[in-house]
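Input: a single structure, listed below in structure tokens.
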Amino acid sequence: MLLYHDPRAPNPRRVRVFLAEKGVAYDTIEVSIASHANETPEFRKKNPIALLPVLELGDGRVLRESMAICRYLESEYPEPNLFGKDPWECAVIEQWNRHAELELLFPIAQVFRNSHAFWNGRIRQSAEYADIAREHVASRFEWFDRELGHRSYIGGERFTVADITALCAIDFGKVSNIRIDPAAHPNLAAWHARVSERPSSKA
């Protein structure tokens, strides 16, 4: 398998962490967003909308979107299980993975896109929207902190794909000065330390 990725972007990291948890071997090709490598005609043959990651199989088939890739990998390499073992657990993990995507990763990405100099001249930015997204993330840190007072991981009592999404989201926030305050969010900070100790977090 061949993973097209930018090592600095959060969605490719989600796939790399997932692959590391599975212990699956793969090769990579770095596609730099900063240098517009994802916008070349050659790469657009892999993904017409120029987004990362892209997984290319040995037979040339291509998958886009990080969670589509992870679901394929879960089916091909079912252990260790990361999406749930029975209908209820699958639904709960899906619920919390979506919460991590929509309430953490998406608004954190919007802060970055709308306030960081990296995107100056590349997209239309809105400082007001960045502030709104930042406030949203702060409120969701409060919520996740309360939830993690009742369990060890985002989706239950074991590490799952929901933890991968939340970890990659929160770590990506650092570039926009979004960080966990251990004094204000001790449960979230303890969870973050716990998942960051896993070898896969370095992927």
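The values are calculated or read from the model by the stated rules, or taken from the named source; none is laboratory data. Bear in mind the structure is a predicted one, so any value in this text is a computation, not a measurement. Positions of Cβ are generated from backbone atoms using ideal geometry, with glycine treated the same way; all protein chains shown enter the neighbour counts. What goes into the accessible areas is simple: the full protein's heavy atoms, side chains included, and nothing from ligands, DNA or RNA. Shrake-Rupley method; radii C 1.70, N 1.55, O 1.52, S 1.80 Å.
Some observations on this one:
- Note on R8/W143: beta-carbon distance plugged into 1/(1 + (r/R0)^6) with R0 of 22 Å gives a FRET efficiency of 0.20.
- Mean Cβ count within 10 Å, highest first, over the residues of peptides 58-70, 150-162: 150-162, 58-70
- Gyration tensor over alpha-carbon atoms, the stretch 35-160, equivalent ellipsoid semi-axes in Å: 29, 27, 8
- Over the C-alpha atoms of the stretch 86-148, the Rg to Rh ratio, Rh being the Kirkwood estimate, stands at 1.13.
- Taking each DSSP H run with n ≥ 4 as -39500 (n - 2.57) and averaging over every residue of the chain yields -14500 deg cm²/dmol at 222 nm.
- Judged by the mean number of other Cβ atoms found within 10 Å, the most tightly packed of the peptides 20-29, 128-137 leads the ranking 128-137, 20-29.
- Taking the DSSP bridge list for the chain and keeping only pairs wholly inside it, about 65 percent are antiparallel.
- Average accessible surface for the chain: 51 Å² per residue, computed with a 1.4 Å probe over protein heavy atoms with every protein chain in place.
- Taking 0.36 nm per residue of sequence separation and removing the Cα-Cα distance, the H150/I49 pair yields an extension gain of 32.3 nm.
- Amide H contacts under 5 Å for Y153: R158, restricted to partners 5 or more places along the chain or on a different chain, H placed in the peptide plane at 1.01 Å from N.
- Accessible surface of the chain, 1.4 Å probe, proportion on carbon and sulfur as whole %: 53 percent
- Model label points for E128 and S35, set 7 angstrom from Cα along the Cα-to-Cβ axis, are 3.9 nm apart.
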